[in-house]
Amino acid sequence: MAEAARRAFITTLVAVAVIVGVLALWKVKVVLALVFLGLILAAAMRPGIDRLAEHKVPRPLGVALHYLAVVGAIALMLWLVVPRAVDQVDQALGGVPTSQLELTQKAKHSTGIKHQFFVGLQKRLQRVPSAGGVVHGAVSIGTKAIEALVGIFFIFATAAYWIFERERAIGLVTSLMARKHRKTVRDTWELIDAKLGAFVRGQLLLITFVATLLSLSFWAIGMPFWLLLGVFAGIVEIIPVIGPLLAGAIAVAVGLTVSWHLALFAGIVVLVVRQIEDYVVIPRVMGHVTGLSPMLVLVSVSCIGLLFGGFYVLLATPLTAVLATLIDVIVRDKDPAEEEVPTVLFAKESSN
């Protein structure tokens with residue numbers, strides 16, 4: 001009886017510890033997601049920083065140069081895209097109303113999408129009861145903006161620290177392993193790092209390619225909102241299968257507001273760009289960087305989006321790639337040293 005009681009107590013204690021651990025992880029899931037994003041960013045930058053180090057550029061300066069390139073790219077995009085996008089929205093709405101009376105007039109005399117926009121704006125303004133409500137809304141928006149900035153800073157800081165601390169972390173983990181497993185653990189870690197980095201660099205290339213080509217194509221056929229539609233199509237490339245379908249459907253829907261001919265041209269343009277992407281760009285640029293089938297990626301994106309929310313969709317493919325690599329090594333007994341290392345933007349180093 002004493003032995004049975006002891007086993008029951010230990011089992012209960014372990015179960016409670018597991019539940020408490022899961023609840024604790026759930027509470028800090030945002031922090032874990034930001035850390036994971038930082039590790040992914042570090043993996044994407046590491047080959048470039050290593051190449052700069054080969055040319056006698058110190059690693060801290062290499063990190064700073066990469067961050068300056070990111071800030072410069074964002075500033076260039078804002079300078080090129082945002083003013084033109086605002087102009088397109090203003091033209092589509094026939095001018096932004098500056099008073100309640102003007103808003104009411106536009107809501108009465110507009111039709112279709114414009115009418116829905118102005119009516120929705122009216123309803124939102126009616127729900128603002130007083131100046132106090134406006135102040136509260138402004139404070140809430142300001143708080144969210146500060147949280148976003150803190151999150152971005154946290155990701156960049158984590159990536160910078162991980163650039164310098166990864167080897168030390170690998171050494172610590174492998175020192176806790178049996179000697180016969182140390183090489184496998186290190187090779188697995190480096191393979192995962194290479195896959196994540198190649199995935200991010202490949203996605204950035206695809207987003208730029210799709211957004212640029214579709215924006216120019218939509219402009220050429222006379223599509224309204226051509227810039228907004230092109231940039232949106234590039235961004236939703238992050239979501240496999242669903243993203244391109246959504247971008248195509250919205251482009252066709254916007255074309256239908258003008259004529260069925262324009263909608264047909266828009267659909268053809270999206271289809272042609274998608275075929276070029278699938279059969280030319282992806283095989284030559286990305287290859288099979290994650291080793292995941294489109295169906296598995298779609299299921300993982302859907303499940304993670306439903307369980308955790310839209311923000312965590314960004315982590316679905318990288319997380320699934322990590323789990324798939326671990327299963328290959330642990331369950332399927334594959335040797336990570338013999339796996340093909342993805343090399344998006346960076347040629348594979350020749351072994352001596």
| message | Just checking, does segment 54-64 include any residue being part of a helix (DSSP H, G or I), more than 30 Å from Val231 (Cα to Cα) and modelled with pLDDT under 70? | response | no
| query | Among all residue pairs at least 6 apart or on different chains, which show Cβ distances below 6 Å where the first residue, located in segment 196-210, is free of Cβ contacts under 8 Å to residues at least 40 places away in the same chain and the second is in a helix (DSSP H, G or I)? | reply | Ile207/Gly234; Ile207/Glu237
| task | Please go through segment 328-342 and pick out each residue that is among the hydrophobic types (A, V, I, L, M, F, W, C) and over 13 Å from Thr184 (Cα atoms). | result | Val331, Val341
| field | Hey, Val241 over 23 Å from the mean Cα position of the chain (by Cα) and either at pLDDT below 85 or farther than 22 Å from Leu314 by Cβ (or both) or not | value | no
| note | Over segment 303-335, the set of residues in contact (Cβ under 8 Å) with a residue 60 or more places away in the chain and hydroxyl-bearing (Ser, Thr, Tyr) is Tyr312, Thr317, Thr325
| task | Just name the residue that is modelled with the highest pLDDT out of those in segment 291-308 that are part of a helix (DSSP H, G or I), in contact with a helix residue (DSSP H, G or I) (Cβ under 9 Å, 6 or more places away or on another chain) and within 22 Å of Leu191 (Cβ to Cβ). | result | Ser300
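The values are calculated or read from the model by the stated rules, or taken from the named source; none is laboratory data. The shown structure was predicted, so the numbers you read here are calculated from the model rather than taken from an experiment. Note: ideal-geometry Cβ built from the backbone for every residue, glycine included; neighbour counts use all protein chains shown.
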